[in-house]
Amino acid sequence: MKPAVLPWFAALLSSLIGLTGCAGRDVRTLEQSSDTRQLTEDESRRWYSAEELDRTWRQKGLIYTDDALTAYLQSVADALYPEFSDTVVIRVMDSPDLNAFALPNGSVYLNLGIIARMENEAQLATVIAHEISHFKFQHSLKQRHAIETAVVTGWSVSILTGIPLSGELLALGAMSGYSQEAEREADREGFRRLVRQGYDGTESVKIFAIMQQEAKVLDSKEPWFYSSHPRLSERIESMQQLNMQREESGGATNQQSFAAMTGRLHALLLEKYLVAHQYKQLINLLEEKALRSRYPVYADFYLGEAYLQRKTPGDAEKAQAAYLSALERAPEFAPSYRALGLIHMQQKQQADALRYFDKYLQLNPHAEDKKYIELYRNRLLEGS
Amino acid sequence: MKKFLPSILLLLLLSACAGEWVRVDASSVVHKTDLYRVSLPVGWVSRQVGDTLVVTRDGPDIQKIILRVSKHAEAFNDIQAQSKSDMLPTELADLFIAELKKEDSDSLPSLTIQSNEPIMLSGRDAFHLHASYRTANGLEYQLLAVGFVTEKHFYAISYTAPTLLFFERSRESYDQVLDSLEAI
């Protein structure tokens, strides 16, 4: 989830956090849910702001609703931190971007995109354990001075964007990550929980490597924690060290149960990337054979669409080849026929265009774009 | 002084890039630029902000009609895409939707396309979208938008209002504005 705020402000905040580090040394660590029943004034303020954010995001329809998936994620979190099972609530943000963060009231958000990019439950547990550690150590409260400094420096943001600062700053802080010291603390505690729960600790390195590869390929300029190449490098290094210090090796990945619970997100992710014109992400995912194999058989259709959106020399030919590949692998997937019809129409190959359009409408008689296709068909027939 | 700085800056920003609100009366119904001619509803107010004309009766949060004409190279800046004179209305609609979502990524999941159909406007093939979305307060808005291309420009005209009370109330005025639009 990216709040509608100027990217430079998030970058500023991120760097302020890095410079300031843990400003509040007197902040307590939460040991169990009951610790949250009596909050200090500072804690209450942040708790209230976090609840406001929860409410706002829910009202705006930002939360992806899938009861079975949410229950599964919650069960992973509860097993990692049983002492916070009454407080920590896992939610899925309906966003393709790679992001996850925890709010000071125990709300932990995982974007649909980051879950879809994971390979197994051990990787999921790595991210969840890391985020709940931020809640446990109250890192958002510890970095309050950095944020308050940013409020003074960045006051003009509210004028330019109309966004009230308090809640958004809280979210920005959580999404941008914390000081190096705080992140390392979350790494250590998260890793401890991960292996205690019997997961394979080496998967913790892999999930951050997946994020880093994506950030690198996309040349991500976003300061969000899971899109930040340097910060992910730190995590990988930290996880490698923790794995080396471990006496035992191996552990569970629960790949099958994870795939059963999250497999349907892959198709959704492709559609979200396409609609949002995020063709770089699509090409990055689908040109790589190892990654491509995890996506539906018709995924080449999305690769074709991504090439057409990118529009570099040779992309039109690549798109056509990708559509034909999708058609071969998934002959009942209607959008491939539509795409080929459009390509042939633009190439003035009327007979082929009509053939593909007819097949598209035959496979999808109630297509949302039926009226457009009928219009194009009629134009082709008039012209022939 | 620091207390008033934000307000002063806001005023400076607004005055630097936007014209005044002008009430539409019988003598100023027809709004004409080098690129289009359109009839505006009497009693509403209009304001030109760069390449964008904003028209409202009760305030932009209540209802607004926006007409924007951009050069192809600047048509979809947020998603770093351009329009072209030979683009199909479906392609334009896809880009327009992606741009809408990019403008306010918070609203991305809640933006629902109710319909997306071809129409003819000003003698050109165009897309006609009907969408809805919810604000942070949970208020549902509806959006109607039409877009088409000419040799050098992308034209987009839209109408936005809360579903509750206002959307249907001013829809006819929007339809009249739409019907009157002539690309030059």
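Some observations on this one:
- Taking amide H atoms as placed 1.01 Å from N in the peptide plane, the amide H of A:MET118 has no partner under 5 Å among residues 5 or more positions away or on other chains.
- Partner chain coverage, peptide A:51-64 - average Cβ within 10 angstrom: 4
- Taking all protein chains as shown and a probe of 1.4 angstrom, A:LYS371 keeps an accessible surface of around 110 Å².
- Exposure check, 1.4 Å probe, all protein chains in place: A:LYS311 carries approximately 120 Å² of accessible surface.
- Amide H contacts for A:GLN138 (H built 1.01 Å from N in the peptide plane; partners 5 or more residues away or on another chain; cut-off under 5 Å): A:LEU30.
- Heavy atoms of A:ARG235 accessible to a 1.4 Å probe, total area in Å² rounded to 10: 0
- Spin-label pair A:GLU328/A:SER34, simplified geometry with 7 Å Cα→Cβ offset, distance in nm: 6.6
- Computed over protein heavy atoms with a 1.4 Å probe, the carbon and sulfur contribution to the accessible area of chain B reaches 54%.
- Distance between the modelled labels on A:GLU248 and A:ARG58, one decimal in nanometres: 3.9 nm (7 Å Cα→Cβ projection).
- Cβ-placed point charges (K, R +1; D, E -1), dipole of chain B about Cα centre in debye, nearest 20: 600
- At least 10 Å² of accessible area lost relative to the chain alone, listed for the stretch A:358-384 with a 1.4 Å probe: A:GLU368, A:LYS371, A:TYR372, A:LEU375, A:TYR376, A:ARG379
- Ordered by 1.4 Å accessible area with all protein chains kept, A:TRP47, A:TRP57 run largest first as A:TRP47, A:TRP57.
- Of A:HIS139, B:HIS153, the order by accessible heavy-atom surface (1.4 Å probe, DNA, RNA and ligands excluded), from most exposed downward, is B:HIS153, A:HIS139.
- The mean number of partner chain beta-carbon atoms within 10 angstrom of a residue's beta-carbon across peptide A:272-278 is 5.
- Chains A and B together bury roughly 2800 Å² of accessible surface, counting both sides and using a 1.4 Å probe on protein heavy atoms.
- What the phi angles of the stretch A:372-377 give under the Karplus curve with 6.51, -1.76 and 1.60, with θ = phi - 60°, is a coupling list of 5, 5, 5, 4, 5, 4 Hz, glycine and proline written as x.
- Label point distance in nm, B:ASP179-A:GLU51, each placed 7 Å from Cα along Cα→Cβ: 5.3
- Sequence-distant residues sharing a close amide H with A:ILE63 (under 5 Å, placed H): A:ASP94
- Using C-alpha pairs under 8 Å with a sequence gap of at least 6, the mean separation divided by the residue count of chain B gives a relative contact order of 21 percent.
The values are calculated or read from the model by the stated rules, or taken from the named source; none is laboratory data. Every value quoted in this text rests on a predicted model; they were computed, and no experiment measured them. FYI the Cβ positions are ideal-geometry reconstructions off the backbone, even for glycines, and counts take in every protein chain you see. We work out accessible area using only protein heavy atoms, side chains counted, and drop any ligands, DNA or RNA first. Shrake-Rupley method; radii C 1.70, N 1.55, O 1.52, S 1.80 Å.
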